[in-house]
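*Asks:* Mind looking over this structure? Questions follow.
The values are calculated or read from the model by the stated rules, or taken from the named source; none is laboratory data. Predicted, not measured: the structure shown is a model, and the values here were computed from it. For neighbour counting, all protein chains shown are included, and Cβ atoms are generated from backbone atoms with ideal geometry for every residue, glycine included.
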Amino acid sequence: MNQHDSATLPLPQVLSTTTTGVWWGLVGVLAFSFTVPFTRIAVDGGLHPVVIGCGRAVVAAALAGIALASTRQPAPRGRQWARLAVVAAGVVVGFPVLTSFALTTASASHGAVVIALLPAATAAMAVLRGHERPPTAFWVLAGCGAVVAVGFASLQGGGLGGLHRSDLLLFGAVLAAAIGYAEGGLLSRELGAWQTVSWALVLAAPAMVVATGAAAVHQPPDVGVRAWAAFAYLAVVSMYLGFFAWYHGLAIGPMTQVSQVQLVQPVLTISWAALLLGEELTWSTVLGGAAVIACAGAAVRLRLGAGRDRTRDVRRR
């Protein structure tokens, strides 16, 4: 890896109208799909939610520091540090910590469907920060996926007035991650994909070390191999390596299109929850996952088709 690397491919400078970004995004989604079940395993195993949410960032930051130093990456400049702080607040601190607390009471499959709101939220942030302009039909389809996710959470909680504290934490995690994803996708076009997440981790490391240490003193970890194995995956893959592919896909873009492939994550996560945790697959969960996947596929196809049409129009002119 060198300063011009973005994961393993050259750093893209323009938005793509091919499926390259989507495929990189899918690799990231596959890596992230184990996050919720393994977080639940770590919580059930006795690890404090702060140790899970912040401790994994400490481990990932150590790996990031080694990677940055060994490849002699140039430090970010000026406003890039402030933008990295936004990325760190969203994906290094906000999402991991909020989901860790939410999963102390929510099941992994329930959390997976609520987090299906993330693609629509990321698309909205991409429009605000990246000035992308998807067609109206794209927003209709993305909104349908979001409505299904909210409806699922509401029905599982006993109606619109039955949303639990864990749902509010999950919604907060979605907002935090969407902001971090959109800003990280833009920064990846300047710094590189793995460099962006690495610098964000290093920037957040001091605060994460303090928080992890305080939580460990308050509740000393006394857990088994299963919980530590889950924590290791969260630290190395969910918190670090998965972002290599994910941010590279977002950098290739368009972000509004690539973000929608994350709607396949609930189905993968629900499958892992059934296999690893023995959670029961209910019809509401299956149908909810199928509905958001259908919306995602339609949105991605629509967005890609629109991009190709614009490219043909430009060539004709």
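*Asks:* Quick one: what pairs do we get from the range 243-257, first residue under 15 Å from Phe32 (Cα atoms), second surrounded by fewer than 24 Cβ atoms within 10 Å (Cβ to Cβ) and of a type in the set (Ser, Thr, Tyr), C-beta under 6 Å, 6+ apart or different chains?
*Replies:* His248/Ser6
*Asks:* In the range 78-100, which residue that is surrounded by 24 or more Cβ atoms within 10 Å (Cβ to Cβ) and among the β-branched types (Val, Ile, Thr) is farthest from Arg226 (Cα to Cα)?
*Replies:* We begin by selecting, within the range 78-100, every residue surrounded by 24 or more Cβ atoms within 10 Å (Cβ to Cβ); these are 84, 87-88, 91-92, 95-96, 99-100.
Adding the requirement that they be among the β-branched types (Val, Ile, Thr) leaves 87, 91-92, 99.
On the way: Val87: 30, Val91: 25, Val92: 23, Thr99: 19 Å.
Per the criteria, the residue is Val87.
*Asks:* Turning to a different aspect of this structure: Which pairs do you get when a residue that is in contact (Cβ under 8 Å) with a residue 40 or more places away in the chain, found in the range 270-283, comes within reach of a residue that is part of a loop (DSSP other than H, G, I, E, B) and acidic (Asp, Glu), reach meaning Cβ atoms under 6 angstrom, with the pair 6+ apart or on two chains?
*Replies:* Final answer for the pair search is Ala273/Glu279.
*Asks:* Then there is this: Name the residue, out of Ala106, Ala75, Ala120, Ala67, that is crowded, with 20+ Cβ neighbours inside 10 Å and more than 20 Å from Gly53 (Cβ to Cβ).
*Replies:* Numbers: Ala106 fails: more than 20 Å from Gly53 (Cβ to Cβ); Ala75 fails: crowded, with 20+ Cβ neighbours inside 10 Å; Ala67 fails: crowded, with 20+ Cβ neighbours inside 10 Å.
One residue alone meets the criteria, Ala120.
*Asks:* Right, something else. Can you run down the residue pairs with Cβ atoms below 6 Å, 6 or more apart or on separate chains, where the first is in the range 135-155 and assigned to a helix (DSSP H, G or I) and at pLDDT below 70 and the partner is surrounded by fewer than 18 Cβ atoms within 10 Å (Cβ to Cβ) and not aromatic (Phe, Trp, Tyr)?
*Replies:* Ser154/Leu160
*Asks:* Would it be correct to say that Ala227 is touching an Asp or Glu at 6+ places or on another chain (Cβ under 8 Å), part of a helix (DSSP H, G or I), farther than 24 Å from Gly78 by Cα and at pLDDT 90 or above?
*Replies:* Numbers: touching an Asp or Glu at 6+ places or on another chain (Cβ under 8 Å): yes; part of a helix (DSSP H, G or I): yes; farther than 24 Å from Gly78 by Cα: yes; at pLDDT 90 or above: yes.
Yes; evaluated as a whole, the condition is true for this residue.
*Asks:* Quick check, is Thr136 closer than 24 Å to Leu275 by Cβ and surrounded by fewer than 20 Cβ atoms within 10 Å (Cβ to Cβ)? Show your work before the answer.
*Replies:* Numbers: closer than 24 Å to Leu275 by Cβ: no; surrounded by fewer than 20 Cβ atoms within 10 Å (Cβ to Cβ): yes.
Answer is no for this residue.
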